[in-house]
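Just below is one structure, and these are the notes that go with it.
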Amino acid sequence: MNRAAGAWLALAALLAGLLAGCAVAPPRPLPAAVAPVVPRLHEVAWNELPGWQEDDLLAVWPAWLADCSVMRMRPAWRPACDAAARLEPSSRDAVAAYFQTWFSPWQSLQPDGAAQGLITGYYTPLLHGSLKREPPYVVPLYAQPHDLLTVDLASVYPELKGKRLRGRLQGDRVVPYWSRAQIDADPQLLAGNELVWVDDPMAAFFMQIQGSGQVELPDGQQLTLGYANQNGFPYRAIGKLLVERGELPASQVSMQSIRAWGKAHAQELPSVLAGNPAYVFFRRLQGLPPGAMGIPVVAGRSIAVDPRALPLGAPVWLSTRQPNGDAPLNRLVLAQDTGGAIRGNVRADLYFGLGDAAGEQAGVMRQPGSLWVLLPKPVSASGLVRR
């Protein structure tokens with residue numbers, strides 16, 4: 001047996017000890033749940049969608065046409081997408097008529113029949129950096145290192161389909177990859193893998209949570225970085241750690257409050273960040289960061305969903321509230337992304353766009369909400385949701 005083959009077998013053998021550290025490899029690497037998801041969809045009438053008559057449906061039309069470039073490859077969706085390609089709508093009523101002609105709304109329910117779930121937000125960070133390490137740009141963002149081994153566990157354990165295990169070779173043994181604390185403490189571990197250096201460790205940390213972002217260089221050029229891989233450790237929320245330490249009250253934990261704490265406690269920040277051992281590696285991309293479908297997500301009109309509960313790419317009616325308020329937020333969105341923390345039948349992450357303003361909204365978005373997936377007629381729901 002050669003060394004490489006032995007490494008793969010040894011990596012698989014580490015399953016028992018490292019299962020807690022394996023995760024689905026999504027575009028935005030957040031904590032993965034292992035509980036099974038059972039789709040539960042109930043067909044409803046169009047007038048049961050809150051605010052259906054008020055949404056500016058023309059705003060989602062270009063995104064739906066882009067969505068159809070992928071969806072039309074699926075036989076059940078091709079007729080509706082072909083019809084969209086022939087349509088040049090001039091009003092929101094024309095778009096509404098299209099969807100009502102080609103689709104039926106199905107409400108997604110929790111396994112116990114409950115209609116509400118959690119709606120959160122995400123965004124694309126905009127950081128400032130340099131291709132050279134020079135003050136103030138001293139925080140590296142890394143490409144995937146060459147010594148990171150990844151094995152698809154389904155090849156050994158079919159019941160773990162979608163799970164991947166990471167590690168590195170140490171002599172003839174496969175051991176866990178370096179943790180965040182180890183990587184941050186010793187820059188030599190990943191020397192040569194730096195893609196860019198940025199000026200803010202908190203911004204770099206949140207970009208890893210989001211899984212992609214853009215970096216503006218001193219000359220104004222912008223680099224787009226997307227998720228490449230991660231080190232195999234489970235994500236740990238540092239907000240929870242700050243609460244446990246008595247640094248923040250649980251009711252006030254948000255991206256903004258964590259940023260403010262980090263700015264005020266620069267000396268303590270490294271130990272807090274080390275509390276999340278997961279570490280994300282990036283790759284350079286052209287254009288805007290894509291979602292899980294490989295096409296750019298659209299601010300206010302793209303959501304991340306659990307593809308085990310809702311078909312990726314489907315139009316979804318979202319009914320929730322605006323961030324940090326009670327004003328209704330009812331609109332047609334597209335299920336174009338996924339995330340390790342997005343698990344369940346009534347769970348979505350709404351994309352708010354690029355930069356700090358979008359981050360301010362995404363950081364406080366945590367509202368109850370309901371979801372209705374639009375499925376093409378006359379196919380039944382059971383034929384379109386991946387179980």
Query raised in the report: Using θ = phi - 60° and the Karplus curve 6.51 cos²θ - 1.76 cosθ + 1.60, what whole-Hz ³J(HN,Hα) does each residue of region 319-324 get, with Gly and Pro shown as x?
Result: 10, 8, 10, 4, x, 6
Requested in this report: Give the residue from 300, 324, 341 lying farthest towards the positive end of the charge dipole for the chain; charges sit on Cβ (+1 for Lys and Arg, -1 for Asp and Glu) and the dipole is referred to the Cα centre.
Outcome: 341
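I need to check one value: relative contact order of the chain, counting alpha carbon pairs closer than 8 Å and at least 6 residues apart, in percent. Present the calculation step by step, with values, prior to reporting the outcome.
Values: 813 pairs, mean separation 107.8, N = 387.
About 28 percent, as a whole number.
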Query raised in the report: How far apart, in nm, are the 7 Å Cα→Cβ label points at residue 251 and residue 48?
Result: 3.7
**Report entry** Cα Rg, Dmax, region 43-181, angstrom units
**Finding:** 23.9, 66
Query raised in the report: Beyond 28 Å, what percent of the Cα pairs of region 248-387 remain?
Result: 29
Report task. Starting from the Cα of residue 263, draw a straight line to each of the lysines and keep only those under 19 Å, dropping any in the same chain fewer than 8 residues away. Result -> 240
Report task. Quote the charge dipole size of the chain about the Cα centre in Debye, to the nearest 20; the model charges only the Cβ of Lys and Arg (+1) and of Asp and Glu (-1). Result -> 1080
Query raised in the report: If you look at just the Cα atoms of region 69-140, how large are its Rg and its Dmax in Å?
Result: 22.1, 59
Query raised in the report: Assuming a viscosity of 1.002 mPa s and a temperature of 20 °C, what translational diffusion coefficient in µm² per second does Stokes-Einstein assign to the chain, Rh being the Kirkwood radius over Cα pairs?
Result: 96
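Once the Cα gyration tensor of region 153-299 is found, what semi-axes does its equivalent ellipsoid get, as square roots of 5 times the eigenvalues, in whole Å, sorted largest first? Write down the numbers at each step before the final one.
Working: eigenvalues 131, 102, 65 Å².
The answer is 26, 23, 18 Å, longest axis first.
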Report summary line: Counting sequence-distant residues (5 or more places) and residues on other chains, those with an amide H built under 5 Å from that of residue 127 are 214, 215, 216
Requested in this report: Please work out the Cα center distance from region 259-301 to region 125-147, rounded to the nearest Å.
Outcome: 13
**Report entry** DSSP-assigned coil residues among chymotrypsin sites (Phe, Trp or Tyr not before Pro) in region 37-136, each with at most 12 further Cβ atoms within 10 Å
**Finding:** none
Query raised in the report: What is the mean projected area of the alpha carbon convex hull for region 160-245, to one decimal in square nanometres?
Result: 8.5
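Hey, what's the per residue convex hull volume over the C-alpha atoms of region 236-297, in cubic angstrom?
So the per-residue hull volume is 140 Å³.
Summing Lys, Arg as +1 and Asp, Glu as -1, what charge do residues with Cβ under 14 Å from the Cβ of residue 376 carry, residue 376 excluded?
Charge balance near residue 376 sits at +1.
Taking R0 as 22 Å, what FRET efficiency do you get between residue 138 and residue 356 from their Cβ-Cβ distance, rounded to the nearest 0.05?
After rounding, the FRET efficiency stands at 0.60.
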**Report entry** Mean separation of Cα contacts under 8 Å, 6 or more apart, over the residue count of region 263-344: relative contact order %
**Finding:** 30
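None of the figures in this text is laboratory data; all of them are computed from the coordinates on show. Nothing here was measured: the structure is a model prediction, and the numbers come from that model. No Cβ is skipped: glycine too gets one built from the backbone with ideal geometry, and neighbour counts run over all protein chains shown.
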